[in-house]
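Chemist: Supplied in structure tokens, the structure appears directly below.
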């Protein structure tokens, strides 16, 4: 999967297709919802055909830069239920995912104080490890004896400290042969007003206690607040408190410094507020700004949940048009992973393997899986896009943007200096072309279909397509 991209002193010439405007605040409606060939939902990657017409010419340089070290892969998957073959673990291993977000259910493991049953969680971690995945846990569900709020403040923080100390001892990555959990996050979307949103001090108290406890057992552990929704704020009629993160960081700073207690900040991204954050890049920037004001702008940022739906069903019960398609979901998946890395996000996980089958007729956003329903024999185009993304960019680190005007293009660089360009046209649902002045060009499209041409050549970008382009070896 590693192809050499030669440094060139010439120019990359990008041409993009004509534009039909769409509202910035919502995804466009597509007239078609089909693979590029073959039956919908087949277990074969679709083929790509056709050429678009050029209308605009743009010259951008691709210059030689000093090589830098390969970074760990950022490509993850969220699996909140089982972590096994039936849940799609093997298919995601095949797709190139390298880390998994899963739940550590305190109430299930310690339903009675002092009595532990680790068997289900042991299975999750060992399955993930065997498949070569890092494990990122989200602690959820306080037992009834510890709190009346399953995902809110606890009655006695020492109870939680005792639990996570026992968990860290069991899952320490520094003990040979142990099932290994390195990433520890606490409570789902804690900025919700019924959880910790109206009580940021309680969250500060928890991370100030559990961070030292976990690191006392495993110094290499990474401890953080659970992924923030940071969207649909209370002033807009939603349940999430905008000031939560800044107030938690301020409370931790009053204890001697937030960075002494947390190792990163996590947030979730779903494009439901595109007028405010057109892409994940803008939301990451806003989160970074809050962190910088608290003096921790240099800490890593993770996205343990992000997703987009494939539904174009406009008959859902909530009556909101879905404005999507299978093709559009696949394109948004690549865009989120690429632009997340452009914004400096170190880890990103797709939510999730399967659609929420019981909810798809009520909410189109629940058709977010990489497979149709729960059928692992029917991957969506987004699954092939994920597999292509990891195959092409595994071992490559984000380098720099080449984006201007109607074209979105980004360069990724391997440790030995090889480079690849990921390119798509703007707006998101329009075709475009990508003329290349190299003597020879290789690449693949969004579903991994390869091409190679003697240059110079003009490559087509179909509507919602993405190309991964490099010079020939």
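What follows is calculated from the coordinates using simple rules that are stated; it is not laboratory data. The structure presented is a predicted model; accordingly, all values stated were derived computationally and were not measured. For neighbour counting, all protein chains shown are included, and Cβ atoms are generated from backbone atoms with ideal geometry for every residue, glycine included.
Chemist: Working out 0.36 nm times the residue gap between residue 162 and residue 298, then minus their Cα-Cα distance, what length gain in nm do you get to one decimal?
Modeler: Details: separation 136, 0.36 × 136 = 48.96 nm, distance 3.05 nm.
The span from residue 162 to residue 298 would gain 45.9 nm if fully extended.
Chemist: Please give the per residue volume of the convex hull enclosing the alpha carbon atoms of segment 75-306, rounded to a whole number of Å³. Each step should come with its number before you reach the end.
Modeler: Numbers: hull volume 29.3 nm³, N = 232.
So the per-residue hull volume is 126 Å³.
Chemist: Can you tell me the length gained on complete extension of the stretch residue 255 to residue 346, counting 0.36 nm per residue apart and subtracting the Cα distance?
Modeler: Numbers: separation 91, 0.36 × 91 = 32.76 nm, distance 2.71 nm.
Once the chain is fully extended between residue 255 and residue 346, it gains 30.1 nm.
Chemist: Then there's this: Could you tell me the distance between the Cα centroids of segment 404-469 and segment 227-241, to the nearest Å?
Modeler: Their Cα centres are 37 Å away from one another.
Chemist: Taking 35 Å as R0, compute the FRET efficiency from the Cβ-Cβ separation of residue 274 and residue 144 and round it to 0.05. Present the calculation step by step, with values, prior to reporting the outcome.
Modeler: Details: r = 40 Å, r/R0 = 1.14.
So, using R0 = 35 Å, E works out to roughly 0.30.
Chemist: What list do you get for 372, 118 if you sort them by fewest beta carbons within 10 Å? Don't skip to the answer; put the middle values down first.
Modeler: Numbers: 372 20, 118 17.
Going from sparsest to densest Cβ surroundings: 118, 372.
Chemist: So if we plug the beta-carbon distance of residue 391 and residue 126 into 1/(1 + (r/R0)^6) with R0 = 22 Å, what FRET efficiency do we get, rounded to 0.05?
Modeler: Numbers: r = 27 Å, r/R0 = 1.21.
Approximately 0.25, to the nearest 0.05.
Chemist: Take every Cα pair under 8 Å in segment 389-473 that's 6+ residues apart, average their separations, divide by the length, and report that relative contact order as a whole percent. Numbers along the way, then the final one.
Modeler: On the way: 178 pairs, mean separation 22.4, N = 85.
Rounded, it is 26 percent for segment 389-473.
Chemist: Pulled fully out, how much extra length does the chain show between residue 415 and residue 198, if you take 0.36 nm times their separation in residues and subtract their Cα-Cα distance? Don't jump to the answer; show the numbers that get you there.
Modeler: Details: separation 217, 0.36 × 217 = 78.12 nm, distance 4.57 nm.
Contour length minus Cα-Cα distance gives 73.5 nm.
Chemist: Peptides 455-462, 253-260: what's the order by average Cβ count within 10 Å, highest mean first? Please report the intermediate quantities before stating the final value.
Modeler: Numbers: 455-462: 18.5, 253-260: 14.2.
Taking the mean over residues of other Cβ atoms within 10 Å, the ranking is 455-462, 253-260.
Chemist: In addition: Please arrange 383, 80 by counting, for each residue, the other beta carbons lying within 10 Å of its beta carbon, fewest first. Before the final figure, lay out each step's value.
Modeler: Values: 383 27, 80 17.
Ascending Cβ contact count within 10 Å gives the list 80, 383.
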